[in-house]
1. What accessible surface, in Å², does a 1.4 Å probe find on Phe58, ignoring ligands, DNA and RNA and rounding to the nearest 10?
2. List the residues, sorted by chain then number, that are 5 or more residues from Ala45 or on another chain and whose placed amide H is less than 5 Å from its amide H.
3. Rounded to a whole number, what % of the accessible area of region 30-88 do carbon and sulfur atoms account for, probe 1.4 Å?
4. Nothing charged except the Cβ atoms of Lys and Arg (+1) and of Asp and Glu (-1): what's the magnitude of the dipole of region 31-88 about its Cα centre? Round to the nearest 20 debye.
5. Which lysines, on any chain, are close to Lys49 with Cα under 22 Å apart, when same-chain ones fewer than 8 places away are left out?
6. Quick one: accessible surface of Glu82, probe radius 1.4 Å, all protein chains present, in square angstrom to the nearest 10.
7. Tell me, what is the 1.4 Å probe accessible area of Ile56, in Å² to the nearest 10?
Amino acid sequence: AGSAGPLRRGHRLAPHGDGNRHRAQSRARLRPRMFMSTKVLVMSARPGKIVASFDIPFDYPRKPDLRFDAEFARISGEVSKELRGGHS
């Protein structure tokens with residue numbers, strides 16, 4: 001496992017659309033990255049500094065139903081919150 005690319009605060013993952021579409025696309029990109037990785041780093045928009053680090057503690061090989069696990073959902077929520085600036 002490894003890295004799937006940076007996740008940055010304030011970075012628009014969707015080039016067009018309203019905020020709801022943007023949030024849905026952000027979540028859609030976050031879960032596969034978490035599924036493939038052992039660690040997720042959240043970077044600030046500019047300058048690019050690491051502002052948060054999350055270990056993804058699940059063993060390999062990972063089963064597809066991991067996406068529905070309560071702990072996976074909790075970590076995904078924490079990462080999402082940090083991507084929104086650590087508040088909400």
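The values are calculated or read from the model by the stated rules, or taken from the named source; none is laboratory data. Fair warning: this is a prediction, and the values are worked out from it, not measured in the lab. Methodologically, a virtual Cβ is constructed for each residue, glycine included, from the backbone with ideal geometry; neighbour enumeration extends over all protein chains shown. For accessibility, only protein heavy atoms count, side chains too; no ligands or nucleic acids. Shrake-Rupley method; radii C 1.70, N 1.55, O 1.52, S 1.80 Å.
1. 40
2. Arg9
3. Values: 2180 of 3840 Å².
About 57 percent, which is the carbon plus sulfur part of the accessible surface.
4. Numbers: 11 positive and 7 negative charges, 63 e Å.
That gives a dipole near 300 debye.
5. Once the sequence-local lysines are set aside, what remains near Lys49 is Lys39, Lys81.
6. Result for Glu82: roughly 40 Å² accessible.
7. 10
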